[in-house]
Structures are given as structure tokens and as C-alpha cells.
Amino acid sequence: MKIIAFGASPSKKSINKKLATYAASLFENATVEVLDFNDFEMPLFSVDKEAEIGQHPLAQQFLDKIAGADVLVVSMAENNGNYSAAFKNTFDWASRINVKVFQEKPMLLMATSPGGRGGASVLGIAETLFPRYGAQIKATFSLPKFHEHFDLEKNKIGDPELDAQLRQIVANFSIG
């Protein structure tokens, strides 16, 4: 099984990338590729820019990565209650090539933040909208207060209850 995982943020210290990487590592018998959103930096999408340069090759590369996955593990960064600008831009470019950006792939959709809501706003937005773009959301998980609940030295959730919750989600995850 091939897993594509990413934190939807360009931050070099992305807490969502850390969470996605950890969650992906919990799947048994899986090959994991973790994407870095810095590898998909494109000009700000607009129909004018698209008319000028056409479809951006990095958007196609993003779609090709998704196409090669059996499972997507996605952790959404929350910026002012919504998607990060980097994710939204990549998504906008990619959706002009294939409106089903997530290509009917089974998805574990997550979010984390330093605050107590754990990215609940962006998680709710993504959970509502992603199925329209081909996501087969099989489970969701929110990790509140990342810096209190994630052990950076061990690269895992340090809170036993929250860790058990995520492990149970992964154990019950169905790709069918």
C-alpha cells in the first residue's frame, strides 16, 4: 500500500506535516511518501495567470503524486480559520487540470494547531468540501494543543488517550 501524506502548510517546521507523518507511520505494510508544500510553489492562481502560462507543471506533479497513492493522509494547517494560502493555491491550480483533485482516494483527514480547538474550523471546511473534489474521507482526527500533546523528541503523540484514539482510527481504516 502506498500512502501520500502531507501537512497543508509550507512551514519548514509544520506541525501538521509532523502529525501527518506520524499518522502515516502507523499504517502497517505501507510505503509512505511525505510531500513538502514548498515543492509546489507556484504563482498566485488567477484565470489571467492561467491564460498567460497555461496549466502549471507543478500542479500536474501534485496530481501525479495523488494518482500514485492508495491512501491519502492529510493534515490541514489552519490560518485564520481556513486553509493555508499555499495549500489553497496548489489546490486551485490542480483543480483546473482535474476537478477531482483527490481522485477518489481514501483519506484520513486531520488538523492540529497550538490552540485548544485543534484546527476544528479548517477541518470542518475540508470535511465539507473535499468530497466534492474526489476525497473519500474515511476518518477525521483533530489534535488540540499540539505543543502540549505531541512529543517532538519521539515524533509521536505524547498524550496516551489521544495517541490511542489515532491508533484506533488507523487500525479501523478501510480503503474499500
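The values are calculated or read from the model by the stated rules, or taken from the named source; none is laboratory data. Just so you know, these numbers come straight off a predicted model, no measurement behind them. A quick note on method: Cβ atoms are made from the backbone with ideal geometry, for glycine too, and the neighbour counts reach across all protein chains shown.
Values for this structure:
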{"item": "Qualifying residue in the range 38-49 (condition: buried (at least 21 other Cβ atoms within 10 Å of the Cβ) and either within 27 Å of Ile3 (Cβ to Cβ) or among the aliphatic types (A, V, I, L, M) (or both))", "result": "yes"}
{"item": "Residues located in the range 71-93, provided they are surrounded by fewer than 24 Cβ atoms within 10 Å (Cβ to Cβ) and hydrophobic (A, V, I, L, M, F, W, C)", "result": "Val71, Ala85, Ala86, Phe91"}
{"item": "Among residues of the range 151-162, those that are assigned to a helix (DSSP H, G or I) and either closer than 14 Å to Gly118 by Cβ or touching a residue at least 12 places away in the same chain (Cβ under 8 Å) (or both), counted", "result": "2"}
{"item": "From Ser174, Ser142, Ser121, Ser75, residue being at pLDDT below 95 and in contact with a strand residue (DSSP E or B) (Cβ under 8 Å, 6 or more places away or on another chain)", "result": "Ser174"}
{"item": "Residue match in the range 158-170 (condition: at pLDDT 95 or above, loosely packed, with under 13 Cβ neighbours inside 10 Å and either among the aliphatic types (A, V, I, L, M) or in contact with a Gly (Cβ under 7 Å, 6 or more places away or on another chain) (or both))", "result": "yes"}
{"item": "Which numbered condition Glu148 misses (of (1) assigned to a helix (DSSP H, G or I); (2) touching a residue at least 12 places away in the same chain (Cβ under 8 Å))", "result": "(2)"}
{"item": "Single residue of the range 50-70 satisfying the filter (touching a strand residue (DSSP E or B) at 6+ places or on another chain (Cβ under 8 Å) and among the charged types (D, E, K, R)) that is surrounded by the most Cβ atoms within 10 Å (Cβ to Cβ)", "result": "Lys65"}
{"item": "Qualifying residue in the range 127-136 (condition: touching a residue at least 24 places away in the same chain (Cβ under 8 Å), of a type in the set (Gly, Ala, Ser) and not in a helix (DSSP H, G or I))", "result": "yes"}
{"item": "Filter pass, Lys18 being within 29 Å of His147 (Cβ to Cβ), basic (Lys, Arg) and either more than 12 Å from the chain's Cα centre (by Cα) or surrounded by 15 or more Cβ atoms within 10 Å (Cβ to Cβ) (or both)", "result": "yes"}
{"item": "Residue match in the range 22-30 (condition: surrounded by 19 or more Cβ atoms within 10 Å (Cβ to Cβ), in contact (Cβ under 8 Å) with a residue 24 or more places away in the chain, farther than 14 Å from Ser95 by Cα and not hydrophobic (A, V, I, L, M, F, W, C))", "result": "yes"}
